[in-house]
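Read the structure below first, then the notes.
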Amino acid sequence: MDTREPVIVIEDLCKTFGNNVVLDHFNLTLYRGENLVVLGKSGSGKSVLIKCIIGLLRPDSGRIEVLGENVPDLNYHDLDLLRAKVGFLFQSNALYDSMTVRENLEFPLRRHWLQVEQKEVDMMVMEVLEHVGLAHTVDMMPAELSGGMRKRIALARTLILKPAIMLYDEPTTGLDPITGMEIIELIKQVQQQYQTSALVISHDMVLAETASERIAMLIEGKCYATGPYAELKTSTDPKIQAFFI
């Protein structure tokens with residue numbers, strides 16, 4: 001029996017769209033301090049899973065407990081309070097094109113109505129920008145940044161609230177291999193510096209090998225297998241082996 005503290009517990013999660021069964025009694029636990037990668041092929045339901053966790057999609061049935069709260073039962077106010085403790089890095093980055101980097105990073109603080117003086121806000125902005133290596137971009141616009149830089153800024157915006165949990169939606173998709181490796185290293189640094197627990201959804205095997213302590217395989221709507229990369233790689237199950245070919 002695992003004695004670590006769970007921060008996300010998913011039990012019998014089901015989600016369908018019409019006749020398309022996306023999640024079929026999916027079960028998974030994320031433990032405190034863990035980097036867990038959910039691997040799945042395109043269209044397997046990875047993005048649906050992460051949107052259910054954050055409350056952007058409502059499941060048909062099942063339990064999603066995040067930091068002790070059952071997400072589907074929360075009203076809008078309580079869900080907003082929970083989201084302040086959970087960072088969500090969108091695949092598209094979701095930066096506001098009309099705002100400078102500084103304004104993008106200040107936005108979560110304003111949205112959650114945190115009572116913080118401007119001097120402290122400025123310090124928080126520079127702290128997270130320095131962490132992602134982009135302090136010099138503070139007054140630039142998103143259009144002036146490369147794809148990798150925008151990804152880093154989006155991560156900095158998420159980190160400014162110092163979340164307990166990080167959710168990463170395909171963080172290396174669309175990036176060249178070198179930039180992708182930089183983002184992978186940054187995910188590892190975030191875990192170490194901020195003591196976060198992270199759930200990363202991806203089909204990137206390099207990310208799965210280098211940034212995870214454990215992998216969960218999403219196959220046919222279920223959590224088909226979990227384990228360390230090295231353990232799963234030696235599996236003789238053809239459905240698992242298909243990821244390593």
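Every number in this text was worked out from the coordinates using simple rules, so none of it is lab data. Keep in mind it's a predicted model, so treat the numbers as computed, not measured. Counting neighbours? That spans all protein chains shown, and the Cβs are built from the backbone with ideal geometry, glycine included.
Within the listed set Glu106, Glu34, Glu120, the Gaussian network model of the chain (springs between alpha-carbon atoms below 10 Å) gives the highest mean-square fluctuation for Glu120. Panel note: the C-alpha atoms of the stretch 43-85, placed on their principal axes, show extents of 31, 20, 16 Å (largest first). Note on Glu69 and Glu209: their simple-model spin labels are 3.9 nm apart, each label 7 Å out from Cα toward Cβ. Here the stretch 189-206 and the stretch 78-137 have alpha carbon centers that stand 19 Å from each other.
Who wins for biggest fluctuation among Lys162, Lys233, Lys119 in a Gaussian network model of the chain, springs between alpha carbons below 10 Å? Sorting by GNM fluctuation, first place goes to Lys119. Between Lys162 and Thr100, residue separation times 0.36 nm minus the direct Cα-Cα distance comes to 20.2 nm. Between Phe17 and Ser92, the simple label model (points 7 Å from Cα in the Cβ direction) yields a spacing of 1.4 nm. With a Förster radius of 35 Å applied to the C-beta separation of Lys41 and Gln189, the computed FRET efficiency comes to 0.80.
Thinking of the stretch 1-122 as a set of Cα atoms, what percent of all their pairs are more than 27 Å apart? Please report the intermediate quantities before stating the final value.
Numbers: 2178 of 7381 pairs.
For the stretch 1-122, the share of Cα pairs beyond 27 Å comes to 30 percent.
Over the chain, what is the relative contact order in whole percent, taking alpha-carbon pairs under 8 Å and six or more residues apart?
Values: 430 pairs, mean separation 67.0, N = 245.
This gives 27 percent for the chain.
Which shape class, rounded, prolate or oblate, goes with the stretch 122-183 when its Cα gyration tensor gives a ≥ b ≥ c as root eigenvalues, a/c under 1.5 marks rounded, and past that a/b bigger than b/c marks prolate? Oblate shape, in that a/c is at least 1.5 and b/c is the bigger or equal ratio. Comparing Tyr229, Tyr168, Tyr194 in a Gaussian network model of the chain where C-alpha atoms under 10 Å apart are linked, the largest mean-square fluctuation is found at Tyr194.
State the extension gain, in nm to one decimal, for the chain segment bounded by Thr236 and Asp60, taking 0.36 nm per residue of separation less the distance between their alpha-carbons. Mind dumping the intermediate values first?
On the way: separation 176, 0.36 × 176 = 63.36 nm, distance 3.36 nm.
Additional length available on full extension: 60.0 nm.
Within the same chain, lysines fewer than 8 places from Lys85 are excluded, and of the rest, those with a Cα less than 24 Å from its Cα are Lys46, Lys51, Lys119, Lys151, Lys162, Lys188.
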